[in-house]
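Novice: Below is one structure. I have some questions about it.
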Amino acid sequence: MGLMQRASLVVKAKASKALDKAEDPRETLDYSYERQMELLQQVRRGVADVATSKKRVELQQAQLEQSIQKLEGQARDAMAANREDLARTALERKKAAQSQLQSLDEQKTQLGAEQDKLILAEQRLTAKVEAFRTQKETIKAQYTAAEAEAKIGEAVSGISEEMGDIGMSMQRAQDKVQTMQARAGAIDELLDSGALADISAPGHDSIDQELERISASSQVDAELAALKKELGTGSASAGEIPAGGEGAA
Amino acid sequence: MIVVRILDEGQFALPDAARDEVVARDTKLLTALESGDEAAFRGELDALLSFVRASGTEVALDVITPSEFILPNAEWTTAAIHQLLAEHDG
């Protein structure tokens, strides 16, 4: 026996175990239909869970992108103010944030793929469940219990196989989502710890404050220079005023 | 008609004339899996998947029918396949 035949035996054995309970074969139809509806609900929840995880990754990406921009600006400002130490810290954090951002890109791609797969599985199961419901009503209406048995066997084993397949896909998708949620949690912790945040984040050396101080004092210097120029060298201001006067005249 | 399910993908109906080849390829696939030669297994699996997709037609979504053969898709790891088969033995 080959691999595919063995695999089909496994799936069939699982299905018959799940459906052994019913006494009247026609009850088997209702029982199976209930299980189908449950599975459909689970798949729909699965689709929603993947979407939520993807959203979370996107939010983290936005946060990291903002951090990277801010850190880059801070590094530039720090170098302009001759503070290489601060510039280095900012660039180191930027690098860490960039590598996290890259791993988030991969996660988003994987989550997107899982999402697509689950959506397809949901569509497939919806169509099968609807087909089963129609067959179920036909079998119940047209056949006696004994006659129905063979038809029920075919319908139920067919749908059970489908459910087994979709159940396994969903399990794998859930495992992946769980792994990624754990990673997303780790990134949230990193973000919260400030290791990827810009240097003006609370609890850290405030590069922004230092830069503001530097920039404020250089603004004061510039204004002082302008005042000196205006008051000290009369020729400069005398040259400017007539220029405006000529324009008005 | 032979119905083959590719897990995660759906069912394909193949003509009866394809049976011998399906069975032969299926046996080779299991041998490759049991040999532990990952590359050989991947080769057989890819070939079999292509064969099923090329020589079969997709079973319509509103048709409910059991499959004679169930084939993992290319994403299945050998570990996962071993686990699936073990569920029957256990």
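The values are calculated or read from the model by the stated rules, or taken from the named source; none is laboratory data. Computed from a predicted structure; not experimentally measured. All Cβ positions, glycine included, derive from the backbone under ideal geometry; neighbour counts span all protein chains shown. Just so you know, the surface numbers come from the protein's heavy atoms only, side chains and all, with ligands and any DNA or RNA stripped out. Shrake-Rupley method; radii C 1.70, N 1.55, O 1.52, S 1.80 Å.
Novice: Let me spell it out: the conditions are (1) in contact (Cβ under 8 Å) with a residue 24 or more places away in the chain; (2) within 14 Å of chain B (Cβ to nearest Cβ), and residue A:42 meets all of them except one. Which number is the exception?
Specialist: The single condition residue A:42 does not satisfy is (2).
Novice: Is it the case that residue A:70 is of a type in the set (Lys, Arg) and crowded, with 20+ Cβ neighbours inside 10 Å?
Specialist: It is true that residue A:70 is of a type in the set (Lys, Arg) and crowded, with 20+ Cβ neighbours inside 10 Å.
Novice: How many residues does segment B:32-59 hold that are open to solvent by 50 Å² or more (accessible area, probe 1.4 Å) and in a loop (DSSP other than H, G, I, E, B)?
Specialist: Qualifying residue count, segment B:32-59: 2.
Novice: In addition: Just a yes or no: is a residue in segment B:71-79 assigned to a helix (DSSP H, G or I), out of contact with any strand residue (DSSP E or B) (no Cβ under 9 Å at 6 or more places or on another chain) and touching a residue at least 24 places away in the same chain (Cβ under 8 Å)?
Specialist: The answer is yes, given that some residue of segment B:71-79 is assigned to a helix (DSSP H, G or I), out of contact with any strand residue (DSSP E or B) (no Cβ under 9 Å at 6 or more places or on another chain) and touching a residue at least 24 places away in the same chain (Cβ under 8 Å).
Residue-wise test of (1) within 12 Å of another protein chain (Cβ to nearest Cβ); (2) surrounded by fewer than 17 Cβ atoms within 10 Å (Cβ to Cβ); (3) free of Cβ contacts under 8 Å to residues at least 60 places away in the same chain.
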site: A:120; (1), (2), (3): yes, yes, yes
site: A:124; (1), (2), (3): yes, no, yes
site: A:133; (1), (2), (3): yes, yes, no
site: A:143; (1), (2), (3): no, yes, yes
site: A:146; (1), (2), (3): no, yes, yes
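Novice: One residue is enough: does segment A:19-26 have a residue meeting the conditions assigned to a helix (DSSP H, G or I), under 27 Å from residue A:114 (Cα atoms) and either touching a Gly at 6+ places or on another chain (Cβ under 8 Å) or open to solvent by 20 Å² or more (accessible area, probe 1.4 Å) (or both)?
Specialist: Scanning segment A:19-26 turns up no residue that is assigned to a helix (DSSP H, G or I), under 27 Å from residue A:114 (Cα atoms) and either touching a Gly at 6+ places or on another chain (Cβ under 8 Å) or open to solvent by 20 Å² or more (accessible area, probe 1.4 Å) (or both).
Novice: Residue pairs, Cβ under 8 Å, 6 or more apart or interchain, first in segment A:154-169 and without any contact (Cβ under 8 Å) to a residue 24 or more places away in the chain, second among the aliphatic types (A, V, I, L, M) and not in a helix (DSSP H, G or I). List them.
Specialist: Correct list of pairs: A:154/B:64; A:158/B:64; A:168/B:7.
Novice: Shifting gears a bit: If you take the residues in segment B:60-77 that are over 21 Å from residue A:159 (Cβ atoms) and open to solvent by 30 Å² or more (accessible area, probe 1.4 Å), which one is nearest to the other protein chains (Cβ to nearest Cβ)?
Specialist: By that ranking, first place goes to B:75.
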